[in-house]
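J.: Encoded as structure tokens, here's the structure I'll be asking about.
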Amino acid sequence: MITKIAHLGIAVRSIATARLVYEGALGLVCEGEEVVASQQVRTALFTVGDTHIELLEPTSPESPIAKFLDTKGEGIHHIAYATDNIDAQLQAAREQGLRLIHETPIIGAGGKRVAFLHPKSTSGVLTEFCEEENHRA
Ligand code: ZN
């Protein structure tokens, strides 16, 4: 079951530059930066109420974020929904005929299990499922 919007992902060329705005001008609190090897990105996570903004900077020209920046420029990259069971969520999406980018979850930022749906299946918005951390505890 989807429980909330976990975060909005925003593609940026430079987290250092973007932090001046999100932290400095907007006054959001940065929980920290992290390199996510599976996606070839550096992330910076900002708390906004009980959800987050996730800045994404490519760490390699092969990164999906580098390709996104090349074609679309900086901007909203994906919406991540928190789910209490990512395996069931993916199975339901599969049964509904949605196109999955990840057939099984990968390890995303914060060590969470995540998986992406293709934007062609979700009205043009790259969609992430993000398993809430307590589910498997
Ligand atoms: Zn994300």
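J.: Residues of the stretch 12-58 being among the charged types (D, E, K, R), open to solvent by 30 Å² or more (accessible area, probe 1.4 Å) and not in a helix (DSSP H, G or I), which ones?
T.: Passing the criteria: Arg13, Glu31, Glu33, Glu34, Arg42, Asp50, Glu57.
J.: Counting only residues that are among the polar types (S, T, N, Q) and within 15 Å of the ligand (Cβ to nearest atom), how many does the stretch 2-14 have?
T.: The qualifying residues number 0.
J.: Tally up the residues in the stretch 13-34 that are within 22 Å of Gly111 (Cα to Cα) and over 13 Å from the mean Cα position of the chain (by Cα), please.
T.: Total meeting the criteria: 6.
J.: Further question: Go through the residues of the stretch 15-36 one by one and say whether even a single one is basic (Lys, Arg) and within 16 Å of the ligand (Cβ to nearest atom).
T.: Among the residues of the stretch 15-36, not one is basic (Lys, Arg) and within 16 Å of the ligand (Cβ to nearest atom), which makes the answer no.
The values are calculated or read from the model by the stated rules, or taken from the named source; none is laboratory data. It should be emphasised that the depicted structure is a prediction, and the values quoted were computed from it without experimental measurement. Every residue, glycine among them, receives a Cβ derived from its backbone with ideal geometry; neighbour counts consider all protein chains shown. Surface areas here come from the heavy atoms of the whole protein model, side chains and all, with no ligands, DNA or RNA. Shrake-Rupley method; radii C 1.70, N 1.55, O 1.52, S 1.80 Å.
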